[in-house]
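One structure is given below, encoded as structure tokens.
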Ligand code: MN
């Protein structure tokens, strides 16, 4: 199953770039332009990852991260923050709010994709979603008699 990524970003060009990049890597991308809809959208879309712009009108991305991380239903979803201001203090504030990672704008395409992939690889698999056995799980095969 394709992984689902909710993208909260008010800037149209960035939103399109992020969604295009995600779709090019076979993710299902759901855009959210208004941060005030982010929590409801996360509930409705059930994403595997949330990409969160920090600089939003009406609402702070940091506060949204805190809200998501304080919600029993949503707190397990990893959050990748995206910010134009990635000074030392900003990174600490983003981490303190609960984001698992951040990338700074203007983004490096490679760093963006690597960060998405590593967060999704680290996320616990939902119950019932079994991975096909790989070569390193050959030990589970029944003994040859
Ligand atoms: Mn913004």
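Any read-out appearing in this document is the output of simple, stated calculations on the displayed coordinates, not a laboratory observation. Just so it is clear, the structure is predicted and the values come from calculations on it, not from any experiment. Here the Cβ is made from the backbone with ideal geometry for all residues, glycine too, and neighbour counts use every protein chain on show.
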Matching residues in region 1-10 - criterion: being under 20 Å from residue 101 (Cα atoms) and either away from the ligand (no atom under 16 Å from the Cβ) or in a loop (DSSP other than H, G, I, E, B) (or both)
3, 4, 5, 9, 10
Which of the numbered conditions does residue 36 fail, given that it passes all the others? Conditions: (1) touching a residue at least 24 places away in the same chain (Cβ under 8 Å); (2) within 16 Å of the ligand (Cβ to nearest atom); (3) outside any loop (DSSP other than H, G, I, E, B).
(1)
If you take the residues of region 11-33 that are in contact with a helix residue (DSSP H, G or I) (Cβ under 8 Å, 6 or more places away or on another chain) and not in a strand (DSSP E or B), which of them is farthest from residue 67 (Cα to Cα)?
25
With the first residue restricted to region 57-69 and required to be over 17 Å from residue 92 (Cα atoms), and the second required to be surrounded by fewer than 16 Cβ atoms within 10 Å (Cβ to Cβ), Cβ contacts under 9 Å at 6 or more apart or on different chains are 57/34; 58/34; 58/36; 59/34; 59/36; 68/75
Residues that are surrounded by fewer than 17 Cβ atoms within 10 Å (Cβ to Cβ) and under 14 Å from the mean Cα position of the chain (by Cα), drawn from region 75-94
75, 76
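In region 47-102, how many residues are assigned to a loop (DSSP other than H, G, I, E, B), within 16 Å of the ligand (Cβ to nearest atom) and over 20 Å from residue 17 (Cβ atoms)?
Narrowing region 47-102 to residues assigned to a loop (DSSP other than H, G, I, E, B): 47-48, 54-60, 70-78, 84-87, 98-100.
Retained after the next criterion (residues that are within 16 Å of the ligand (Cβ to nearest atom)): 54-60, 84-86, 99.
When the remaining residues are screened for being over 20 Å from residue 17 (Cβ atoms), the result is 58-60.
Of the residues in region 47-102, 3 are assigned to a loop (DSSP other than H, G, I, E, B), within 16 Å of the ligand (Cβ to nearest atom) and over 20 Å from residue 17 (Cβ atoms).
Can we say residue 113 is part of a helix (DSSP H, G or I), out of contact with any strand residue (DSSP E or B) (no Cβ under 9 Å at 6 or more places or on another chain) and surrounded by fewer than 20 Cβ atoms within 10 Å (Cβ to Cβ)? Let's see the steps before the verdict.
Values: part of a helix (DSSP H, G or I): yes; out of contact with any strand residue (DSSP E or B) (no Cβ under 9 Å at 6 or more places or on another chain): yes; surrounded by fewer than 20 Cβ atoms within 10 Å (Cβ to Cβ): yes.
The answer is yes for residue 113.
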Considering only region 24-37, I want to know if a residue exists there that is out of contact with any strand residue (DSSP E or B) (no Cβ under 9 Å at 6 or more places or on another chain) and closer than 22 Å to residue 97 by Cβ.
yes
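Being over 14 Å from the mean Cα position of the chain (by Cα) and surrounded by 19 or more Cβ atoms within 10 Å (Cβ to Cβ) is true for just one of 64, 17, 49, 56. Which residue is that?
Details: 64 fails: over 14 Å from the mean Cα position of the chain (by Cα); 17 fails: surrounded by 19 or more Cβ atoms within 10 Å (Cβ to Cβ); 49 fails: over 14 Å from the mean Cα position of the chain (by Cα).
Result of the check over 64, 17, 49, 56: 56.
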